[in-house]
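As structure tokens, the structure follows; a few thoughts come after it.
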């Protein structure tokens, strides 16, 4: 996992105090890992959010690009995720640290389509404000810089998805549903070649 030095944002502040609240930097020493960090405040107790996240099968319902998550045992899960160009990528993930109501950390096992690791921290917000959920993910983009560019083009890039997925988690846990901002005609037809008359 990267250190605070690796996670410094454009403004030079450590990841936990960066002015814009977003962390996105390439790790040093020639490693092609990309690091994404996002934080959202959810008006729910830490224990409730932790319990929801810790049942990894729940996450497929809030993470747009996740097709499915198969829980193998309490420490291992198999992820199938949509990639650019109607492709899927898969990996097995192992929980490396688990502190109930505080944090969950993981790492993909050898042979993953996309090597990744990360942690989610659950931190009490100001009194009466719920819980801050801080997700930090490090991954090796397949295809290096070109692969990352293609992922951005198809809106499958992890920095964008992490922000959207945390927003969807917040909506679900606070309201019981996830809103869809697509127009009614877009919801009727997912195909770009079909048009409503």
ask   = Does region 52-68 contain at least one residue that is buried (at least 18 other Cβ atoms within 10 Å of the Cβ) and out of contact with any helix residue (DSSP H, G or I) (no Cβ under 9 Å at 6 or more places or on another chain)?
value = yes
The one condition residue 118 fails out of (1) closer than 22 Å to residue 160 by Cα; (2) over 17 Å from the mean Cα position of the chain (by Cα) is (2)
Of all strands (runs of 3 or more DSSP E) fully inside region 97-148, the set with 3 or more residues that are within 24 Å of residue 71 (Cα to Cα) and at pLDDT below 95 is 116-124, 131-139
Restricted to region 168-179 and to residues being closer than 14 Å to residue 61 by Cβ and in contact (Cβ under 8 Å) with a residue 40 or more places away in the chain, the residue surrounded by the most Cβ atoms within 10 Å (Cβ to Cβ) is 169
Inset, instruction - Test residue 168 against the stated conditions and say whether it is part of a helix (DSSP H, G or I), modelled with pLDDT of 85 or more and either over 12 Å from the mean Cα position of the chain (by Cα) or under 24 Å from residue 97 (Cα atoms) (or both). - result: no
In region 82-105, anything touching a helix residue (DSSP H, G or I) at 6+ places or on another chain (Cβ under 9 Å) and crowded, with 17+ Cβ neighbours inside 10 Å is listed as 83, 84, 93, 104
Over region 31-51, the set of residues part of a helix (DSSP H, G or I), out of contact with any helix residue (DSSP H, G or I) (no Cβ under 8 Å at 6 or more places or on another chain) and surrounded by fewer than 17 Cβ atoms within 10 Å (Cβ to Cβ) is 47, 51
With the first residue restricted to region 85-101 and required to be at positive phi, and the second required to be surrounded by fewer than 15 Cβ atoms within 10 Å (Cβ to Cβ) and not in a strand (DSSP E or B), Cβ contacts under 6 Å at 6 or more apart or on different chains are 101/47
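The values are calculated or read from the model by the stated rules, or taken from the named source; none is laboratory data. If you're wondering where the values come from, they're calculated on a predicted model, not measured in any experiment. With ideal geometry, Cβ positions are generated from the backbone for all residues, glycine too; neighbour counts draw on all protein chains shown.
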